[in-house]
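Student: Okay, handing you the structure first.
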Amino acid sequence: MNKLLEPISELKGVGSETSELLNDVGIYTIQDLLEYFPYRYDDNSLRDLEDVKHDERVTVEGRVHSEASLTFFGRKRSRLTFRLLVGKYLLSVVCFNRPYFKNKLTIDSTVTVTGKWDKHRQTITVQQLSFGPKKEQSGIEPVYSIKGKLTVKGIKKFVSLALSTYLKDIEEILPDDLLQKYKLLTRREALYTIHTPHEKEDLKLARRRFVYEEFLLFQLKMQALRKIQREQSKGVMHEFSREKHQQFIDSLPFPLTKAQSRVVNEILQDMTSPYRMNRLLQGDVGSGKTIVAAIAFYAAVLSGYQGALMVPTEILAEQHADSLVQLFEPYNVTVALLTSSVKGKKRRELLEKVEKNEIQLLIGTHALIQDDIKFHKLGLVITDEQHRFGVEQRRMLREKGEHTDVLFMTATPIPRTLAITAFGEMDVSIIDELPAGRKAIETYWVKPSMLERILVFIEKELSKGRQAYVICPLIEESDKLDVQNALDVHSMLTSYYKGRFQIGLMHGRLSSDEKDSVMRSFSQNEVNVLVSTTVVEVGVNVPNATTMIIYDAERFGLSQLHQLRGRVGRGSEQSYCILLADPKSETGKERMKIMTETNDGFVLSERDLELRGPGDFFGKKQSGMPIFKVADMVHDYRALEVARQDAAELIQSKDFWEEEKYEPLRVYLHQSGILEGEKLD
Ligand code: ADP
Ligand code: MG
């Protein structure tokens, strides 16, 4: 029996009352107590005031230089002040509600004071004061979160008692080889250190151990779940002529990039295997995900199945339908578009065809997961720009066809660290390469007052036959917001370029037919400049457009700006993105700066995550993010990657399930319920 699992009441001095207090913060066993980590540390080592910032907490030792003066307000509240000489500094010390100190503060006696340093007033407000020189003890004080009658001091006492009583019973759970490989402290050393660190360096080592442990355990769960899902899920086993399929790939107007070929292989491997595909395909804007989807669909169709492609907007659905109809025409694949604007008889007829397998590839918005749509033999579902779908929609989609292979495609706004936690149970493919010949988009951040020059710049591009997007945050004027609206900008540009260029207008309030016709004229270059709201944000592909102007760019988030920018730079011409912005906030300025510094969606999404924090990234509701005690997904992402890799290898290996040294990890998995087929939620 593991002694650490003994109830907390076994500890000396913990009676039933204290027991309950500890239970209230989740501590039931000795182990819980030992794993109740400090949430921060105070640095009580002596520091030179020169190095201490305003409002920072500091500990100093000095000699009392003046008699203390005491003032009372009311009966209980009081304020005591005196002068303290610390090295060359003569400063004031303020101490509230401790009048009894007055008589002990004799001139020239030595005291140690901890408190907040007000650099401007040269004053410390006391949190702790002790008489005499600083005691030779640790300079780093752990601070625990407390509740009710519990005190930090109390917890410290119990932790220290538990450490001395049970230290020898703390068992290692990581195998030796991993400890050595990463030079990790043992669990015993790390637990001891995290509660009683002597140096910041020790603390780092202890933290490092637990970061790895937490990530590894979490990833073991994810990887075990993934393995179980694979083994228990009977998927569609697509069988088709590889030769015919290869002919299709060879006939494309361009060779696939290496990265595209690699992910195509990964996808085909899933599709031809007996288990069900559950894969996330990440690729930056413009990396060529659509063609990868088409290749996968063709495999499904060749093996006698139907495919469904789901996208977040009607514009995108129409664009995909257009290009896939064209692409598949010579191969006799029937492609149809279903959006909310297909109604009544037309809709009924379409659905009938889908049910009879007369339509092999159906494209649409989320309308596709409505219940009345029955497929004859749905074998592959792909969602494009999947970060726009909620977790719930993703699940519904997966459940649509019982064994259907599912591929989620997304541009990078999901940072890798989040992707492997939020989508940890999925397989991940990454297109980390843009088609050859692309030039990096040049991005500029300018003040709105430069508009005149920008209009001239756009004109130069238009004269070369290129096209431009102009994005506005709003459709029409608003009393509440002082931002540009598409209607005004459209009429301004129309009169400015009168007789020379055609200006189109696109926004969410147009009917589907209107949107369709505007989009079509823009892709055929009958419209030269498209003024639009963010409805063109995702997926839209008009390679001849080389200039993107974004009004009030500070109103958009980084990933949104990156998506918008991704509408240009899709051909071989040099493209430009101009951010018109005058942000007031620091993060606003930071966002603009980051945009001008990088085109790399991976880098950008990591920076975005740093600015926003993981909770905000997906929006609170659908985050479903795991909570780590010590580890931080953003800052410890390297460890997360390493742990994921290790976990995947362990779960796949035979040794893991048999060898003695993995017993503690197996026990952990059993306790988590994963192996019994429980859902991870
Ligand atoms: P995204 O990944 O953003 O969805 P798309 O699939 O829309 O990107 O592709 C962007 C553009 O790149 C399209 O015009 C497409 O035809 C083109 N493209 C895709 N793959 C290649 C390739 N291997 N070589 C050249 N152009 C390509
Ligand atoms: Mg796309």
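Student: Using Cα centres only, tell me the gap between the range 24-99 and the range 458-509 in whole Å.
Tutor: After rounding, the separation between the Cα centres reads 60 Å.
Student: Determine, for 426, 277, the number of other Cβ atoms within 10 Å of each Cβ, and report the residues in order from fewest to most.
Tutor: Least to most surrounded, the residues fall as 426, 277.
Student: How much length is gained on full extension from residue 645 to residue 340, taking 0.36 nm per residue of separation minus their Cα-Cα distance?
Tutor: 105.5 nm
Student: Antiparallel as a % of all DSSP beta bridges within the chain, to the nearest 5?
Tutor: Expressed as a percentage, antiparallel bridges in the chain total about 40.
Student: What is the sum of charges, Lys and Arg at +1 and Asp and Glu at -1, for the other residues whose Cβ falls under 14 Å from the Cβ of residue 357?
Tutor: Value of the local net charge: +1.
Student: Using only Cα atoms, locate the centre of the range 543-597 and the centre of the range 268-295, then give the distance between them in Å, rounded to an integer.
Tutor: Result: 28 Å between the Cα centres.
Student: With each label point set 7 Å from Cα along the Cα-Cβ vector, what nm distance links residue 232 and residue 39?
Tutor: 3.6
Student: While we're on this one: Hey, rough spin-label estimate for residue 204 and residue 265, points 7 angstrom out along Cα→Cβ, what's it come to in nanometres?
Tutor: 4.0
Student: Taking the range 94-174, which trypsin sites (Lys or Arg not before Pro) meet the DSSP loop condition and have no more than 14 other C-beta atoms within 10 Å?
Tutor: 119, 121, 135, 147, 149
Student: Based on the Cβ-Cβ distance from residue 517 to residue 109, what FRET efficiency comes out when R0 is 60 Å, to the nearest 0.05?
Tutor: Values: r = 88 Å, r/R0 = 1.46.
Given R0 = 60 Å and the Cβ-Cβ separation, E is 0.10.
Student: Quick check: convex hull of the Cα atoms in the chain, volume per residue, rounded to a whole Å³? Display every interim value, and only then the final one.
Tutor: Working: hull volume 155.1 nm³, N = 681.
In the chain, the Cα convex hull volume per residue is 228 Å³.
Student: Separate question: For a Förster distance of 22 Å, can you work out the FRET efficiency between the beta-carbons of residue 323 and residue 249, rounded to the nearest 0.05?
Tutor: 0.85
Student: Could you list 491, 251, 575 so that the one with the fewest beta carbons within 10 Å of its beta carbon is first and the one with the most is last? Working shown, then result.
Tutor: Working: 491 13, 251 10, 575 26.
Taking fewest neighbouring Cβ atoms as first place, the list is 251, 491, 575.
None of the figures in this text is laboratory data; all of them are computed from the coordinates on show. None of the values given here were measured: they were computed from a predicted structure. Positions of Cβ are backbone-derived with ideal geometry, glycine not excepted, and every protein chain shown enters the neighbour counts.
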